[in-house]
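The values are calculated or read from the model by the stated rules, or taken from the named source; none is laboratory data. Treat the numbers as computed from the prediction; the structure is a model and nothing was measured. Virtual Cβ from ideal backbone geometry, glycine too; neighbours counted across all protein chains shown.
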Amino acid sequence: MIDIKAIKAAAEAIKHWSPTLTHAWLDTSEDDPAAVAGHIDEEGNTFDVVMVDCDQYSQGEDSLPLAKHIATANPTTVIAMCDEMERLRSTINEFHHAIKDAGWHPGRTDDLLTDVIRAKGVEIVQLQEQNTALDAKLAEVEKELMFHERK
């Protein structure tokens, strides 16, 4: 199983780099072109963060695709993916317990199973919507608190 907590912790430790890992390009300013991951601002200025050099392995063919991967899988993206995976695992766990609580078990073959699944699915969606609304309210409160702390 994938250790989501370890991956998320590693990304959290460097999340301050996310704003600077947004693009990948082939830097041709030197004699030997190099694939770079970094940031390009509104004026087109480039800010290198990582130079990717795969020449000794694949004649450089993989350098730019790897730089694009690094820029795309930046810490903020990885953290969001980990959060989504944790949310989905939680939903699956909730669903498992819901159908188990409803009396379903692997050997049960009656036709009511689809009704149980449908009802529990609706219940889980409602709970997720409530959770999303609460998260939005919490974000507003946190924003307001941060505003008052600055004063």
- prompt: Which condition does MET1 not pass, out of (1) crowded, with 17+ Cβ neighbours inside 10 Å; (2) among the hydrophobic types (A, V, I, L, M, F, W, C); (3) under 30 Å from ARG87 (Cα atoms), if it passes all the others?
  reply: (1)
- prompt: Could you count how many residues in region 113-151 are modelled with pLDDT under 70 and either closer than 16 Å to LYS100 by Cβ or touching a His at 6+ places or on another chain (Cβ under 6 Å) (or both)?
  reply: 1
message: Yes or no: region 60-72 includes at least one residue that is exposed (fewer than 12 other Cβ atoms within 10 Å of the Cβ), in a helix (DSSP H, G or I) and not assigned by TED's automatic domain parsing to the domain that holds ARG118.
response: no
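Might you let me know whether region 78-93 holds any residue that is surrounded by 15 or more Cβ atoms within 10 Å (Cβ to Cβ), in a strand (DSSP E or B) and either in contact with a Cys (Cβ under 7 Å, 6 or more places away or on another chain) or of a type in the set (A, V, I, L, M, F, W, C) (or both)?
Scanning region 78-93, I find no residue that is surrounded by 15 or more Cβ atoms within 10 Å (Cβ to Cβ), in a strand (DSSP E or B) and either in contact with a Cys (Cβ under 7 Å, 6 or more places away or on another chain) or of a type in the set (A, V, I, L, M, F, W, C) (or both), so the answer is no.
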statement: All-but-one check, THR109 against (1) modelled with pLDDT under 90; (2) in a helix (DSSP H, G or I), failing number (2)
- prompt: Can you name the number of the only condition in (1) under 28 Å from LYS5 (Cα atoms); (2) free of Cβ contacts under 8 Å to residues at least 40 places away in the same chain that PRO75 fails?
  reply: (2)
